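**Q** The structure's right below; bear with me while I get my questions together.
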Amino acid sequence: MALKFILGTKGKMTTVFTEDGRSFAGTVIIATPNVVTQIKTFEKEGYNAVQVGGVAKKEARMSKPQLGHAKGKAVANFKELRQFNQKLPEGVEVGQAIDVTAFAEGDQVEVSAITKGRGFQGVVKRHGFHGGPRSHGQKHSERSPGSIGGSGGRAGGRVAKGMRMAGRMGQDRVTVRGLRVLQVLPETNEILISGAVPGRRGTVVEIKGVEHRS
């Protein structure tokens, strides 16, 4: 069983045409070879996991803890280290490379990444509130949230936890499931994934294979 996991960066979106003339929207992921940086076992750490490093980074920009973690392991300096809790495949070793050929066309995958940051937003954009009426004396409160409670006995005269209000929007970790591999291009270290992927161009993404369930 191969390691069906790789780190890459989000590229452009494109259209992929099949031999029978169908078209699919897809996202290009640039995934240069990753390296296994650490193996955790149930006997030593209490669980099984594989730590993978991806997206090369200049040594001058590495912190001392990062350099110490890579020292003596024959691995390069990586911008991202991610851990995958799973059963350990046979023959996996520290320093082993993982490239795009670990995936094949048609494989089911799930992709995780950080969404675009949108700054401080109001309730209309952040939560989809409709706002107030556009007539009958409205002037500056068309997009206001309205009453947030806090009186009249609701929640004991306070604002209830989880109340949808204005605030920071975006920059959340999102996992998109139900995607599949459209193409694998080893010569350019690219994987084309069906549909849209969270984040902007250059965002680090995790691609993880999903086992078929009967």
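Just so it is clear, none of the values below were taken in a lab; they were calculated from the coordinates. Keep in mind it's a predicted model, so treat the numbers as computed, not measured. Here Cβ is always computed from backbone atoms with ideal geometry, including for glycine, and neighbour counts include all displayed protein chains.
**Q** Would you mind telling me which residue in 104, 166, 31 has the biggest mean-square fluctuation in a Gaussian network model of the chain, where springs connect alpha carbons within a distance under 10 angstrom?
**A** 166
**Q** Here's a follow-up. Mean-square fluctuation check for the chain, GNM, Cα pairs under 10 Å: which of 45, 90, 19 is largest?
**A** Of the options given, 19 has the highest mean-square fluctuation.
**Q** What FRET efficiency, computed as 1/(1 + (r/R0)^6) with R0 = 30 Å and r the Cβ-Cβ distance, is obtained for residue 25 and residue 161, rounded to the nearest 0.05?
**A** After rounding, the FRET efficiency stands at 0.15.
**Q** Would you work out which of 123, 135, 102 lies farthest towards the positive end of the dipole of region 79-135? Charges go on Cβ: Lys and Arg +1, Asp and Glu -1.
**A** The residue sitting farthest along the positive end of the dipole is 135.
**Q** Quick query: amide H of residue 57 versus all other amide H atoms, modeled in the peptide plane; which residues come in under 5 Å with a sequence gap of 5 or more or a different chain?
**A** Here 77, 78, 79 satisfy the definition.
**Q** Next question. If you put +1 on each Lys and Arg Cβ and -1 on each Asp and Glu Cβ, how big is the dipole of region 33-98 around its Cα centre, in Debye rounded to 20?
**A** 360 debye
**Q** If the only charges are +1 at each Lys and Arg Cβ and -1 at each Asp and Glu Cβ, what is the size of the charge dipole of region 68-214 around the Cα centre, to the nearest 20 debye?
**A** In total the dipole reaches around 1400 debye.
**Q** Using only alpha carbon pairs under 8 Å that are at least six residues apart, calculate the relative contact order of the chain and give it in whole percent.
**A** This gives 30 percent for the chain.
**Q** Here's a follow-up. May I have the extent of the alpha carbons of region 33-98 along their three principal axes, as whole Å values ordered from largest to smallest?
**A** Result for region 33-98: principal-axis Cα extents of 35, 22, 18 Å.
**Q** Moving on to the next point. Using modelled backbone amide H atoms (1.01 Å from N, in-plane), which distant-in-sequence or interchain residues come within less than 5 Å of residue 210's amide H?
**A** 108, 109, 110
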